[in-house]
Amino acid sequence: MEMSHVVLYTVAFIISLCLALALTPLVIKLAFKVGAIDKPNHRKVHTKIMPRMGGLGIYAAFIGAYFAIQPFIPEGLFRSYDRNLINALLAGGSIIVLIGALDDRFELSAKVKLLGQIIAACVVVFGFGVKIDLLNIPFGEAMQPVASWISIPLTIIWIVGVTNAINLIDGLDGLAAGVSGIAIGTILVMAAVMGFAPVILLSALLLGGVIGFLVYNFHPAKIFMGDTGSLFLGFGLATLSMLGFKQVTMVSFVTPLLIIGVPLSDTFFAIVRRWVNKKPIFAPDKGHLHHCLRELGFSHRRTVLIIYAIATFFGLCAVLQSTIVQSDAANWITFGVILVLVFFLQIGAELIGIVDKSRRPLINFLQRRLIRTEQSRSK
C-alpha cells in the first residue's frame, strides 16, 4: 500500500470523526425539535426521555467526509467496478437512513421497515450488480460460483438479516455503536492486509463516524442512535462483510459470520428463545445478551465492555480465519474454529440463561460425564 493512499484513508477517517463530533449535538437539537424521542417503559433501561435519530450524525459524517475527499482520490486507485460498489452503499444506505429516521419519528410498523430494507437490498443487487457471486465452503474446492437464482436471494437475505441483527442489540448506551465499530475495524484490517481500496476507504469513513458518535452515545448517553443508526450500520456491515476484497464474494463461508458474531448469535438465541417459549419470533423481550448480563449484576458500563470484549474476540477469529483460508490446513482450522465457537457459545448461553433459565443440557451432560469419570476412578 502506497504512503499517499495511507494518508488519504487517514484523512478520510479524521474528517469523518470530526464531522460526527460537530454534527451530533445539532442532531440532538433536531431530534427534540421534530419529536424523535425515546420514552422510558418496562422494557427499556433508561429512565428519562432521550433524543434518538442519532444515526443521522454518523450518516452525515460518512457522506460528508466521502465527498470532501473524493476530489483527492488518485486517478486509477478505484476501478469502475469499485466506484459502483461505493455508490451501491451510498444509495442503499440513504434509503435505509430515510426508513430509520421515519421510524424514529413516527414508529413505523415492522412490515413497513422490512419492506424498506428489502428495497434497499434490491437497489444494491439490481441497481449496482453487487451480490455474492462466489462462495468458499469448508472442505469444498476453492471458490465455487453461485448461480443467480441462489446468489440474488442469498444476498438480499444476508443484507436484511444483518441489518436487523444490529438493530436487535441496540439496548444499552454505546452497545450497538461499539460492537459495530469493532466489526468495521475488523473489516478494515482485513481489507488493508488484502489491499482492497474501496473497502478500506468505506471502513475508515464509517469507523470515524461511529467513534465520533460514541463520544455522545457511551454511558451515560446524551443521544440514542435509534433505528436511523442501527439500521444504517447494520446495512453497512452487511454490505462490507460480504466483500471478498477482489470481487463480491465470501473469503470463507465462516469469516463474515465471525465479523458480526455477537449480533448474529444474539439474534439466533432470541429466535430459539421465543420458539422454545412459544412466543412470536418478532415479539420484543428482555432476554438478550445485555439483559442477561445486567441480571447477573454487572453494571451498565461493565456489561457493554464485556460485550465489546466478546466482539473483539470474534473479530480476531475472523482475521485469523481470513489469513489462513488459502493454506492447506484451512479446512481443518475452519472446522476447529466452528466447533470451539459453537461449544463456548452454547456454554455461555446456558450459564447466563439467554434461552431458558432452567435448561442447561450441555452443562448437565458435562457434569454427568465428570461425575461418572470420578466414580470410575474411585473404584
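Scanning segment 160-175 for residues that are of a type in the set (A, V, I, L, M) and modelled with pLDDT of 90 or more yields V160, L175. I need the helices (runs of 4 or more DSSP H) fully contained in segment 1-112, keeping only those with at least 2 residues that are at pLDDT 90 or above and under 22 Å from G127 (Cβ atoms). Result: 55-69, 80-106. One residue stands out in segment 262-303 among those that are among the hydroxyl-bearing types (S, T, Y) and more than 16 Å from A183 (Cβ to Cβ): the one that is modelled with the lowest pLDDT, namely S299. Scanning segment 367-379 for residues that are under 21 Å from F343 (Cβ atoms) and open to solvent by 70 Å² or more (accessible area, probe 1.4 Å) yields a total of 6. Residue pairs whose Cβ atoms lie under 7 Å apart, separated by 6 or more positions or on different chains, with the first residue in segment 99-122 and in contact (Cβ under 8 Å) with a residue 24 or more places away in the chain and the second surrounded by fewer than 18 Cβ atoms within 10 Å (Cβ to Cβ), are R105/V34; R105/G35; A110/F282. For Q321, the conditions (1) in contact with a Ser or Thr (Cβ under 7 Å, 6 or more places away or on another chain); (2) in a loop (DSSP other than H, G, I, E, B) all hold with the exception of (2). Residues that are within 16 Å of I159 (Cβ to Cβ) and either touching a His at 6+ places or on another chain (Cβ under 9 Å) or open to solvent by less than 20 Å² (accessible area, probe 1.4 Å) (or both) within segment 91-105 comprise G92, G93, I96, V97, G100, listed in sequence order. Inspect all residues belonging to segment 239-261 and state whether any of them is within 14 Å of the chain's Cα centre (by Cα), of a type in the set (V, I, T) and at pLDDT 90 or above. There is no residue in segment 239-261 that is within 14 Å of the chain's Cα centre (by Cα), of a type in the set (V, I, T) and at pLDDT 90 or above.
Condition check ((1) farther than 20 Å from G261 by Cβ; (2) among the basic types (K, R); (3) open to solvent by less than 30 Å² (accessible area, probe 1.4 Å); (4) touching a residue at least 60 places away in the same chain (Cβ under 8 Å)) across all residues:
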{"residue": "L175", "(1), (2), (3), (4)": "no, no, yes, yes"}
{"residue": "G185", "(1), (2), (3), (4)": "no, no, yes, yes"}
{"residue": "G195", "(1), (2), (3), (4)": "yes, no, no, yes"}
{"residue": "G208", "(1), (2), (3), (4)": "yes, no, yes, yes"}
{"residue": "I211", "(1), (2), (3), (4)": "yes, no, no, yes"}
{"residue": "N217", "(1), (2), (3), (4)": "yes, no, yes, yes"}
{"residue": "D227", "(1), (2), (3), (4)": "yes, no, yes, yes"}
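The values are calculated or read from the model by the stated rules, or taken from the named source; none is laboratory data. Because the structure is a prediction, the values reported are computed rather than measured. All Cβ positions, even for glycine, are placed from backbone atoms using ideal geometry, and neighbour counts span all protein chains on display. Heads up: the accessible areas ignore ligands, DNA and RNA and are worked out on the full protein's heavy atoms, side chains in. Shrake-Rupley method; radii C 1.70, N 1.55, O 1.52, S 1.80 Å.
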